[in-house]
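The values are calculated or read from the model by the stated rules, or taken from the named source; none is laboratory data. Predicted model, so just to flag it, every value in this text is computed and none were measured. Cβ placement follows ideal geometry from the backbone for every residue including glycine, while neighbour counts extend to all protein chains displayed. We work out accessible area using only protein heavy atoms, side chains counted, and drop any ligands, DNA or RNA first. Shrake-Rupley method; radii C 1.70, N 1.55, O 1.52, S 1.80 Å.
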Amino acid sequence: MKRQLHGGACGDSCCLKLNQVSVKIGSDSILKDVTMHVHCGEMVALIGPNGAGKSTILKAILGQRDYEGVITFSAPGMRHRKMPRIGYVPQSPAFDPGDPVTVADLFACCQSRFPAFLGITREHRELVLECLDRVHGKDLIDKRVGTLSGGELQRVLLALALEPLPNILILDEPLSGVDVEGMETLMEMLDEIRRTYDLSILMTTHDFAMLPRYADQVVLIDHRVLKQGQPEDVLDSPEFRQVFHRKGGV
Ligand code: ADP
Ligand code: MG
C-alpha cells in the first residue's frame, strides 16, 4: 500500500532533503548536483546502472562520504539531536557457510558491550527474539548466519537495523541475492514495517518490477538525477530507456 504524497511542504515532520549534493573522489566527479526529497513515511527507490553513484548517495547521507551541497533531515522529536537515527542495511555481506557465528552471536557482536564469545544473557536473548519478531524471524535465532538464504539474511540485517527504531531506514540493494518469492516477502515486510513504525525508507535496487506496487517515488540517477517521480512515469521515460539501452541492461 503506497503512502499518500504530501501536498506541498511537509513542514517540520520527518523528511530527508538533498540539495545540490555533489561528490568527488580524487579528481573524479561521482555525483553532480543531486537534488531529491524523501517525504515523511515514503518509500523511495534509487535506481541507475552499476557505477551510477547509488551507494555513494547513501554513504553521503550516512556521513561516510564527504560531499558538497546540503543534506537535511527533520523528524518529530529530533530538535535536540543533529542527526536522525538511521537504520542501515548494507549490501549483503558475505558469510562463510562454515563459519560458526549464529544469528544470536551476530546480534551480540552488534549490540553487546561484551565479546560475543562470552555468549548472550537470557535478557539479551529475549531482546534479540523481539527484534527478530519484527521480521517474522524468531526461528532464525540459532541458525548459522552463513547458512541463511538471501532473503533470511536480509531479514536478519533488517532486524538489526530496526533496533533502536530509526527515523529513516536505508537499504543498499536489499533484493539482490533474494529469489522472486523472497523479494515479494521482503517488500511486503518493508511496507508493513514502514506503516507500523512510521518510517521513511530509501533503498537502491535493480528489481524494477516491484516498484510500481511498493515505491512512492523513483529516482533515476547516472551520476546526476536523470528523472524522478512516480514509478510508472520514471520506468516509462525516455531517460530510463536510454540509460539501460545504452548500458545494455543493469
Ligand atoms: P553504484 O552503487 O551505483 O553501483 P557506487 O556509488 O558504488 O555506484 O560507485 C560510483 C562510482 O564511484 C563508481 O565509478 C565507483 O568506481 C566509484 N567509487 C566508489 N567508491 C570509490 C572509492 N572509495 N574510491 C574510488 N572510486 C570509488
Ligand atoms: Mg551500489
Cβ pairs under 7 Å, 6+ apart or interchain, first in segment 38-58 and surrounded by fewer than 23 Cβ atoms within 10 Å (Cβ to Cβ) and in a loop (DSSP other than H, G, I, E, B), second among the small types (Gly, Ala, Ser) and modelled with pLDDT under 95, ordered by first then second residue, are Cys40/Ser13; Cys40/Ser200; Gly41/Ser200
Hey, can you tell me all the residues within segment 63-73 that are touching a strand residue (DSSP E or B) at 6+ places or on another chain (Cβ under 8 Å) and either within 13 Å of ligand 2 (Cβ to nearest atom) or assigned to a loop (DSSP other than H, G, I, E, B) (or both)? Arg65, Asp66, Tyr67
Collect the residues in segment 199-232 that are over 27 Å from Lys24 (Cβ atoms) and within 14 Å of ligand 2 (Cβ to nearest atom), keeping them in residue-number order. Asp207
Consider Pro76 against the criteria (1) open to solvent by 80 Å² or more (accessible area, probe 1.4 Å); (2) modelled with pLDDT under 95; (3) out of contact with any Cys (no Cβ under 8 Å at 6 or more places or on another chain); (4) part of a loop (DSSP other than H, G, I, E, B): it satisfies all of them except one. Which criterion is unmet? (3)
Residue check, Leu46 against (1) among the aliphatic types (A, V, I, L, M); (2) within 15 Å of the chain's Cα centre (by Cα); (3) more than 11 Å from ligand 1 (Cβ to nearest atom), all met but one. Which one? (3)
For Ser92, the lone unmet condition from (1) open to solvent by less than 40 Å² (accessible area, probe 1.4 Å); (2) in contact with a Gly (Cβ under 7 Å, 6 or more places away or on another chain); (3) in contact (Cβ under 8 Å) with a residue 60 or more places away in the chain is (1)
